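Colleague: My questions all concern the structure below.
No lab work stands behind these numbers, since they all come straight from the coordinates. Not measured: the values here are computed from a predicted model. In this analysis, Cβ positions are derived from the backbone assuming ideal geometry, glycine residues included, and neighbour counts consider all displayed protein chains.
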Amino acid sequence: MIQQTQGKLTARDKKLANFFHWIPWIAFPLIALPFPIVFFFLFLTSAATDAAAVYLLLASVGLALGALVGGLVLFLLYIYRQHWLRHLRDRLAADGITAGEVVWFTPELSTAERQTLVETGTHSALLADAYRETLASRLTASRIIAKTDKELVKVRSGIIRARSVAGTGTGSLLIDLEADQRQLQSLKTEATARLAEARARLQTIEAAASRSLNHAETNAMLRRLSATQDQMPLVIEMDQLERKSLQEAERDLKERETLPETPDGPGS
């Protein structure tokens, strides 16, 4: 299988990703629980009733305030984590997305793509590798199109402003802007074609994965059906034997009931 390539992804990035993954599970208890635990311990060890009531009240207030502060910290960490991941994805995509970097672009995948990626990774390593490669191409093409659209908006706005300015000094500027527009449009056209190719290949891989999964499931069901059918004659035979035994028992019982009673011995 294709391993996650280092490329522009540094060891520091991996450590930060792990940090942002685990810190919410650690930060909230550390913020919300220490003060309530201290006051609750004082409540348990307090001999005076008034002091115990105060400690219990402080524990409750501390728990509420700690939960509020902990929730706020978690929200800020989430916002910063999303910002950091977005910046990381932009940096990774600067010179093209590789198959090993697709895992960092999961939020940009559709639900069907994420599901297919998981299924292919579970059942077929080769299909999973091909699917990740094609997803990388699709993501790169989509980002190029989005970026060129933004640049085209800027260039067209510059052309409009240049044409609205009277004078001869804007002629060379217009020529440069129009050249930039043609270049961006050509880049967008090529990226659109690559995107169509990537989507077609994704559909091909998805169809192959679906056929593979359906074939495996169908074989499993057929094996189960065959096993059930093999067991049916044995079940029928056991049922027939059971009914035969019941019939013989009923026949013996009737024969015993119809036999004449044994006469009494002498002296009766």
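Colleague: If you take the beta carbon distance between Leu173 and Lys15 as r and set R0 to 45 Å, what does 1/(1 + (r/R0)^6) give as a FRET efficiency, to the nearest 0.05?
Modeller: Values: r = 47 Å, r/R0 = 1.06.
It comes out at approximately 0.40.
Colleague: How long is the gain from Ala249 to Ile23 if the chain were fully straight, where each residue apart is worth 0.36 nm and the alpha carbon distance is subtracted? Show your work: numbers first, answer last.
Modeller: Numbers: separation 226, 0.36 × 226 = 81.36 nm, distance 7.53 nm.
Between Ala249 and Ile23, full extension yields an extra 73.8 nm.
Colleague: Continuing with this model, one more query. Which of the three applies to region 10-95, rounded, prolate or oblate, going by the alpha-carbon gyration tensor with a ≥ b ≥ c and a/c under 1.5 meaning rounded? Spell out each step's value before the answer.
Modeller: Working: a/c = 9.43, a/b = 3.65, b/c = 2.58.
Taking the square roots of the gyration eigenvalues as a ≥ b ≥ c, region 10-95 is prolate.
Colleague: If the cut-off is 24 Å between C-alpha atoms, which lysines fall inside it for Lys154, apart from same-chain ones fewer than 8 positions away?
Modeller: The reachable lysines, counting only those whose Cα sits under 24 Å from Lys154, are Lys188.
Colleague: I'd like the distance separating the alpha-carbon centroids of region 178-204 and region 72-139, in whole Å.
Modeller: Result: 21 Å between the Cα centres.
Colleague: Right, next: Report the local net charge at Leu127: Lys and Arg +1, Asp and Glu -1, summed over other residues whose C-beta lies under 14 Å from its C-beta.
Modeller: Values: positive: Arg132, Arg201, Arg211; negative: Glu113, Glu119, Asp129, Glu133, Glu206.
Net of charged neighbours comes to -2.
Colleague: Starting from the Cα gyration tensor of region 65-132, take the square roots of the eigenvalues, sort them a ≥ b ≥ c, and report rounded, prolate or oblate (rounded when a/c is under 1.5, otherwise prolate if a/b is larger than b/c, else oblate). Mind showing how you got there, number by number?
Modeller: Values: a/c = 3.97, a/b = 1.87, b/c = 2.12.
In terms of gyration-tensor shape, oblate.
Colleague: Is the shape of region 96-222 rounded, prolate or oblate, going by the alpha carbon gyration tensor and its root eigenvalues a ≥ b ≥ c, with a/c under 1.5 for rounded and a/b larger than b/c for prolate? Each step should come with its number before you reach the end.
Modeller: Working: a/c = 4.56, a/b = 3.94, b/c = 1.16.
Note, shape of region 96-222 comes out prolate.
Colleague: Applying 1/(1 + (r/R0)^6) with R0 = 30 Å to the Cβ-Cβ distance of Ala207 and Arg91, what FRET efficiency is obtained, to the nearest 0.05? Kindly include the intermediate steps, with their values, before the conclusion.
Modeller: Working: r = 34 Å, r/R0 = 1.14.
The value I calculate is 0.30.
Colleague: Net charge within 15 Å of Phe19 by Cβ-Cβ distance, Lys/Arg positive one each and Asp/Glu negative one each, not counting Phe19 itself? Can you show the working numbers first?
Modeller: Working: positive: Arg12, Lys14, Lys15, Arg81; negative: Asp13.
Summing Lys and Arg as +1 and Asp and Glu as -1 gives +3.
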